1. Out of the residues in region 123-154 that are in contact (Cβ under 8 Å) with a residue 60 or more places away in the chain and in contact with a strand residue (DSSP E or B) (Cβ under 7 Å, 6 or more places away or on another chain), which is farthest from Val276 (Cα to Cα)?
2. In region 146-158, how many are assigned to a loop (DSSP other than H, G, I, E, B), within 27 Å of Val181 (Cβ to Cβ) and open to solvent by less than 90 Å² (accessible area, probe 1.4 Å)?
3. Being assigned to a loop (DSSP other than H, G, I, E, B), of a type in the set (Gly, Ala, Ser), farther than 23 Å from Tyr11 by Cα and modelled with pLDDT of 90 or more is the filter here, so list the residues in region 92-145 that pass it.
4. Of everything in region 90-122 that's surrounded by 12 or more Cβ atoms within 10 Å (Cβ to Cβ) and among the β-branched types (Val, Ile, Thr), which residue is nearest to Lys275 (Cα to Cα)?
5. Within region 1-15, identify whether any single residue is at pLDDT below 85, out of contact with any Gly (no Cβ under 9 Å at 6 or more places or on another chain) and surrounded by 13 or more Cβ atoms within 10 Å (Cβ to Cβ), and answer yes or no.
6. Residue under question is Tyr285, and the condition is that it be at pLDDT below 80, open to solvent by 40 Å² or more (accessible area, probe 1.4 Å) and not in a helix (DSSP H, G or I); does it hold?
7. Return the residues of region 159-181 that are closer than 13 Å to Leu280 by Cα, open to solvent by less than 70 Å² (accessible area, probe 1.4 Å) and not in a helix (DSSP H, G or I); say none if nothing qualifies.
8. Out of region 146-161, which residues are modelled with pLDDT under 95 and among the β-branched types (Val, Ile, Thr)?
Amino acid sequence: MGSRAACIMLYHLLLQTVKTQQSAGVSPGQPHLLQYDLDDGYEEAVNDLSEAASGGSLYVIIDEVASEYSHGYTMNYFQTLCKLLLTQVPRLHLWAASCFHDYIPDGWEVEYLTRPLRSPPAVVREVEQDKMITTHNYVLPYSERGVPDHTDGPPVTRLYHRGQGHSGERPVSCVTCGREVASFLHSLRVGVTGRSTTTSTTLTSTSGGTTPPCLQWRDVLVSYWDNVFDQSGVVTGLQEAGIPVTDDDIEDVATASSDVVWVASGPRVRGLERKVVVCLEDFDYGLLTYSLQPQNLTFARLDIMSRCTSQLVIVYPDDKPLESH
């Protein structure tokens with residue numbers, strides 16, 4: 001599940017590249033999107049890919065490997081898949097990417113990409129506090145950026161599930177939290193047509209330039225450690241404020257086709273990026289839910305906050321962040 005959105009996005013990017021090359025008179029190969037559940041084994045994937053090679057070259061791109069961190073069998077199957085493909089496809093070209101560095105097949109060439117080029121420093125400081133980096137060492141720490149930081153980026157906005165009007169145990173269940181998130185998004189002039197002539201928040205990109213003052217709804221992601229439904233209070237609050245929200249179509253969020261705010265659990269958005277990310281709670285729920293729902297193992301900072309390329313919003317469950325970092 002955790003790799004699906006990223007692979008769909010890559011597939012559509014490759015389709016665009018193929019279309020561009022074809023219009024220039026080049027005849028490239030045709031990309032194919034294959035989806036397998038490696039928890040059920042690797043045999044089907046090996047057979048399909050070996051047949052596709054037909055004695056020729058085979059190019060395979062696998063993104064977000066080991067995104068289901070708790071699934072040890074998945075990783076064993078992945079390593080076996082790589083080894084068998086190498087023996088059955090002589091002209092194999094395989095690239096796999098993962099933020100976890102312990103699952104590399106023996107003898108494969110490795111490149112560690114640890115420069116924080118996606119997010120501005122203000123966001124990086126939040127992400128690098130994740131226990132997967134600081135305590136468990138499953139993810140390598142960031143290295144130096146290597147390029148000048150023209151700005152620290154917009155300050156992280158912190159909202160709190162407390163006070164008059166708030167209800168439910170957590171922000172995800174609270175209509176008022178949804179309204180407060182909506183109010184902040186409106187302050188950024190998200191969804192406003194045309195360029196603003198008044199002073200407004202300008203989001204800074206990681207390259208040192210600036211985004212247009214008028215953001216689109218598709219630039220916004222609201223994410224939680226568990227599933228979010230249409231009936232969730234935060235979704236109701238957003239909709240009441242006139243914000244278009246969806247949580248249904250994984251291909252839509254991967255391609256940003258519709259101009260809507262996508263609301264999703266952390267595992268469903270690994271590998272994607274948005275200019276504005278709203279993280280519902282900063283708590284490291286992954287360790288607590290390991291035995292109950294490993295398919296949803298999520299680390300708020302690593303899985304959600306790292307998706308942010310500019311403005312990060314954190315909605316805390318109370319007036320103080322839970323001591324989890």
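1. Tyr138
2. 5
3. Residues satisfying the conditions are Ser119, Ser143.
4. The residue in question is Thr114.
5. Yes, because at least one residue in region 1-15 is at pLDDT below 85, out of contact with any Gly (no Cβ under 9 Å at 6 or more places or on another chain) and surrounded by 13 or more Cβ atoms within 10 Å (Cβ to Cβ).
6. Numbers: at pLDDT below 80: yes; open to solvent by 40 Å² or more (accessible area, probe 1.4 Å): no; not in a helix (DSSP H, G or I): yes.
No: the conditions fail for Tyr285.
7. Listed by number, the residues that qualify are Leu159, Tyr160, His161, Arg170, Cys174.
8. Within region 146-161, Val147, Thr151 meet the criteria.
The values are calculated or read from the model by the stated rules, or taken from the named source; none is laboratory data. Bear in mind that the values here come from a model prediction, so they are computed numbers and not experimental data. Neighbour counts run over all protein chains shown; Cβ positions are idealised from the backbone, glycine included. To get the accessible areas, we keep the full protein, side chains included, count just its heavy atoms, and leave off ligands, DNA and RNA. Shrake-Rupley method; radii C 1.70, N 1.55, O 1.52, S 1.80 Å.
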